[in-house]
Amino acid sequence: GCRTALVERLGFLGGTATAGLVIPISGFYHKGARVIGSIPWEFIRRLEAQGGAIVELPKGHISANIELYKLIAQRMVQEAGVTLYTNSCLSHCGQDGGTIRHILIENKNGTEAIAARCFIDATGDGDLCRMAGVPMQELSEMQPLSLCFVLEGVDVCTPLLRDCIHHDGRGGKPSANAEIRAYLLDCVHQGKLRQFGGPWFNTLVYGGGIAVNVTRSAGNGADRESMTQVELQLREDMFTIVSLLKEKYVEFRNCSIVTSGVNAGIRETRRIQGLYTLTGSDLMDGREFSCPVARCAHPMDVHNADSSQQTLMRLEKPAYVPHDALIPQHVSNLIAAGRCISADREALASLRVQGTLMSVGEGAGILGALACKNNCKVYEVSEEQIKYELNKRNLVL
């Protein structure tokens, strides 16, 4: 019900999925039961109705077609009456005390200002929060980055790939291809390959392409110099890995790289200090909060930045994200959404997936709308009002 503007640095929506080519979409299901509803699930159902999604039960990862993802996302945003500022980058925020009055964005028109009563930082890296002086958590290490890409011309009809491009978990099979993983580990030991992750291959629902997540490098996605070096290295690694796959497997013999992510995919950078910091123990214990805005269904998945290993801790029951983990300290009209919310490293390793963060995003929108309607600070919005709106929408199941 509020006038809403969305600033997007690219010419299309979808972020991690569409710009980063991170498919499948995870986080909607836990042990075969769906735990997220409302707008995120409406998006999946509309994508599915257009032939652009497969809900891979029982695990519930969602395979998606990237171009249809962009189309359905823009349709839903336009139907809602959102004012879009695409191809625009955040450059500054103007503050009065602890209140943000406006932001500055840069685009082909030059510098433009957008004034608002409430702001939501969904940049992933907490860019607006940093500009506004929100205190950030101390980070001792960060998960690695990966450059995902799309391959065409792969034979996915043989036993090597036929089943592993659908991450449904049937028969207890792992998401990563075990045979190809063993081969790539041997390539690392022989000095033919620097590093890799997974590997994960996934259907794009129709067409001849598959999404590939296999590159890996340590780095800081919130630092310009580090990001430059990481992306140069990952692009080299991408071609090395594809060459090794062609050399070993007939299924890849005629394949080609048709596109790679606009940027390397970032698992972890800045995280704010919020009114509450969600912990890994909260998730493992299934702690219930008085006002949750999302469920965490994905395992705590920590990728090793210096090797091809990862640590996976499954949640016995779906956990919760409380609303006050979205509220930064010291700024009265700012809300965080995405992986920059207030969580420790272990909690982030679960909540950073797309399904969970779609839910967090809607929760942030509800919180911001209520703050505007009540003409109050975001931390003054009553939990009763938030829970009423959440329950009305069946966002948290």
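The values are calculated or read from the model by the stated rules, or taken from the named source; none is laboratory data. Fair warning: this is a prediction, and the values are worked out from it, not measured in the lab. For neighbour counting, all protein chains shown are included, and Cβ atoms are generated from backbone atoms with ideal geometry for every residue, glycine included. Protein only, heavy atoms only, side chains kept; ligands, DNA and RNA dropped before computing areas. Shrake-Rupley method; radii C 1.70, N 1.55, O 1.52, S 1.80 Å.
This table checks each residue for (1) open to solvent by less than 40 Å² (accessible area, probe 1.4 Å); (2) outside any helix (DSSP H, G or I); (3) within 22 Å of H61 (Cα to Cα).
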residue: D282; (1), (2), (3): yes, no, no
residue: V331; (1), (2), (3): yes, yes, no
residue: C340; (1), (2), (3): yes, yes, no
residue: E346; (1), (2), (3): no, no, yes
residue: T356; (1), (2), (3): yes, no, yes
residue: L367; (1), (2), (3): yes, no, no
residue: A371; (1), (2), (3): yes, no, no
residue: Q385; (1), (2), (3): no, no, no
residue: L390; (1), (2), (3): yes, no, no
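Test of understanding: among V205, V156, V134, V150, which residue is of a type in the set (V, I, T), out of contact with any Phe, Trp or Tyr (no Cβ under 7 Å at 6 or more places or on another chain) and at positive phi?
V205
Is it the case that some residue within the stretch 73-86 is closer than 30 Å to N107 by Cβ, surrounded by 20 or more Cβ atoms within 10 Å (Cβ to Cβ) and not charged (D, E, K, R)?
Step one: filter the stretch 73-86 for residues closer than 30 Å to N107 by Cβ, giving 73-86.
This time we only want the ones that are surrounded by 20 or more Cβ atoms within 10 Å (Cβ to Cβ), so: none.
No, the stretch 73-86 has no match at all.
Return the residues of the stretch 34-66 that are open to solvent by less than 60 Å² (accessible area, probe 1.4 Å), in contact (Cβ under 8 Å) with a residue 24 or more places away in the chain and within 19 Å of V321 (Cβ to Cβ); say none if nothing qualifies.
If the condition is that a residue be open to solvent by less than 60 Å² (accessible area, probe 1.4 Å), in contact (Cβ under 8 Å) with a residue 24 or more places away in the chain and within 19 Å of V321 (Cβ to Cβ), then V35, I36, G37, S38, P40, F43, G60 are the ones that fit.
Take the residues of the stretch 205-263 that are open to solvent by 40 Å² or more (accessible area, probe 1.4 Å) and of a type in the set (S, T, Y): which is farthest from the chain's Cα centre (by Cα)?
Ranking the candidates gives S243 first.
Of all the residues that make up the stretch 266-311, how many are within 13 Å of S342 (Cβ to Cβ) and among the acidic types (D, E)?
Qualifying residue count, the stretch 266-311: 1.
Does N333 meet the test of being within 17 Å of G361 (Cα to Cα), in contact (Cβ under 8 Å) with a residue 12 or more places away in the chain and of a type outside the set (F, W, Y)?
Against the criterion (within 17 Å of G361 (Cα to Cα), in contact (Cβ under 8 Å) with a residue 12 or more places away in the chain and of a type outside the set (F, W, Y)), N333 qualifies.
When both residues are 6+ apart or on different chains and their Cβ atoms are under 8 Å apart, which pairs have a first residue that lies in the stretch 377-397 and is closer than 15 Å to V35 by Cβ, and a second that is among the basic types (K, R) and open to solvent by 60 Å² or more (accessible area, probe 1.4 Å)?
L397/R34
Restricting attention to the stretch 108-153, which residues are open to solvent by less than 50 Å² (accessible area, probe 1.4 Å) and of a type in the set (V, I, T)?
I114, V134, V150, listed by residue number.
Tell me which residues, restricted to the stretch 135-186, are in a loop (DSSP other than H, G, I, E, B), under 22 Å from the mean Cα position of the chain (by Cα) and more than 22 Å from A349 (Cα to Cα).
C164, I165, H166
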